[in-house]
Amino acid sequence: MTTYYISLPDPAKARGSDPELAFTAHGADGFAAQLQDALSSTALFDKWKAKQSDPDAVPEQWGVTDPAASVTGTQDDLQIKLEARTTIKGEILKERLRLLAGPHWTLHDVR
């Protein structure tokens, strides 16, 4: 299992461009819960896939889930720090973060 260390420097801006896919949380626990859901279920992927011009052409690899994924969140001054433990590959985690937070997140470390 891989651990990803992520920060949301300005949580108020941590919103993707599509409000139906973006974070709606306001606190560390909420952001953690929404990211964990995006990793452990197909809900976010299914919404995104349905918005594509040809949903059937979307490679299923983008819908991979990790039911055992866990995410914890902490408030650190004005930013939120997330620690995600999952078997999901980095490129897929990053794509889900782009949908959820847009460009307003930083990956600090991977272990």
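Every number in this text was worked out from the coordinates using simple rules, so none of it is lab data. Note that this is a predicted model, so its numbers are computed, not measured. Cβ coordinates were reconstructed from backbone atoms using ideal geometry, including for glycine residues, and neighbour counts include every protein chain displayed.
Worth a mention:
- Put a plus charge on the Cβ of each Lys and Arg, a minus charge on the Cβ of each Asp and Glu, and nothing anywhere else: the dipole of the range 7-111 about its Cα centre is then about 100 debye.
- Using C-alpha pairs under 8 Å with a sequence gap of at least 6, the mean separation divided by the residue count of the chain gives a relative contact order of 50 percent.
- Shape call, the chain: gyration tensor on alpha carbons, a/c limit 1.5: oblate
- Rounded Å value of the spacing that divides the Cα centres of the range 39-87 and the range 5-27: 13 Å
- Residue-by-residue Karplus 3J(HN,Hα) for the range 94-111, coefficients 6.51, -1.76, 1.60, Hz, glycine and proline x: 4, 5, 5, 5, 4, 5, 6, 10, x, x, 9, 8, 9, 8, 8, 7, 9, 9
- Extreme residue, positive dipole direction of the chain, given options L97, T65, A43 (C-beta unit charges): L97
- For A12 and S41, the FRET efficiency from 1/(1 + (r/R0)^6), where r spans their Cβ atoms and R0 equals 25 Å, is about 0.45.
- On Cα atoms only, tilt of 28-40 relative to the major axis of the chain in degrees: 30 degrees
- For the range 40-87, relative contact order (Cα pairs under 8 Å, six or more residues apart, normalised by length) works out to 33 percent.
- Proximal lysine pairs, the chain, alpha carbons under 21 Å, eight or more residues apart or interchain: 9
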